[in-house]
Amino acid sequence: MKEFISWGVVDECVTEIAFHIKDKDIEFEGVYGVPRGGIIPAVMLSHKLDIPYLGNLNNLYGKEFIIIDDITDTGTTLERYKRLDVCNGAYFVTIHEHKDSTVKPNFSVIDKEDKWIVYPWERDDSEPIQDYFQEEK
């Protein structure tokens, strides 16, 4: 079953993430959005927290920063990022999380259940499983 997520729901979720982050009392260097689904929430979160949007992970070794993605379903994408040395100080957040994800974010807002989630920045006919993370050759 497809569930279409509205911009209003996205904004509410990013606001909830922002309140959660503010309660952590950690001085984050900025927020990085996992391409593609995390980029828009990352920009939104950077505005809500008044911290920089990070376009890349360069020069972040040893620093604390936020990594956001729209969803963790299988956990494959978050796992790839968690294995990167530069991400040792990263705090992972997502809008949706599937209970069977192999990697859990530090914080998520909505239990995905077994729905096919379609965000407002996606096409209505998007494929149910997408993996845009490209390994460097």
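A count restricted to region 50-61 and to residues that are among the small types (G, A, S) and surrounded by 15 or more Cβ atoms within 10 Å (Cβ to Cβ) stands at 0. Within region 11-44, the only residue that satisfies the criterion of being of a type in the set (F, W, Y), out of contact with any Asp or Glu (no Cβ under 9 Å at 6 or more places or on another chain) and surrounded by 15 or more Cβ atoms within 10 Å (Cβ to Cβ) is Y32. When residues in region 14-35 are screened for being over 11 Å from the mean Cα position of the chain (by Cα) and either of a type in the set (D, E, K, R) or in a helix (DSSP H, G or I) (or both), 12 of them pass. Taking the criterion of being under 16 Å from W121 (Cα atoms) and in contact with a helix residue (DSSP H, G or I) (Cβ under 7 Å, 6 or more places away or on another chain), would at least one residue in region 2-9 satisfy it? No, every residue in region 2-9 fails to be under 16 Å from W121 (Cα atoms) and in contact with a helix residue (DSSP H, G or I) (Cβ under 7 Å, 6 or more places away or on another chain). Scanning region 1-21 for residues that are modelled with pLDDT under 95 and out of contact with any Pro (no Cβ under 9 Å at 6 or more places or on another chain) yields a total of 2. The strands (runs of 3 or more DSSP E) found wholly in region 36-137 and carrying at least 3 residues that are closer than 22 Å to C13 by Cα and at pLDDT below 95 occupy 116-118. Taking (1) touching a residue at least 24 places away in the same chain (Cβ under 8 Å); (2) surrounded by fewer than 17 Cβ atoms within 10 Å (Cβ to Cβ) in turn, H47 satisfies each apart from (1).
The values are calculated or read from the model by the stated rules, or taken from the named source; none is laboratory data. For clarity, every value in this text was computed on a predicted model and none was experimentally measured. Backbone-built Cβ (ideal geometry, glycine too); neighbour counts: all protein chains shown.
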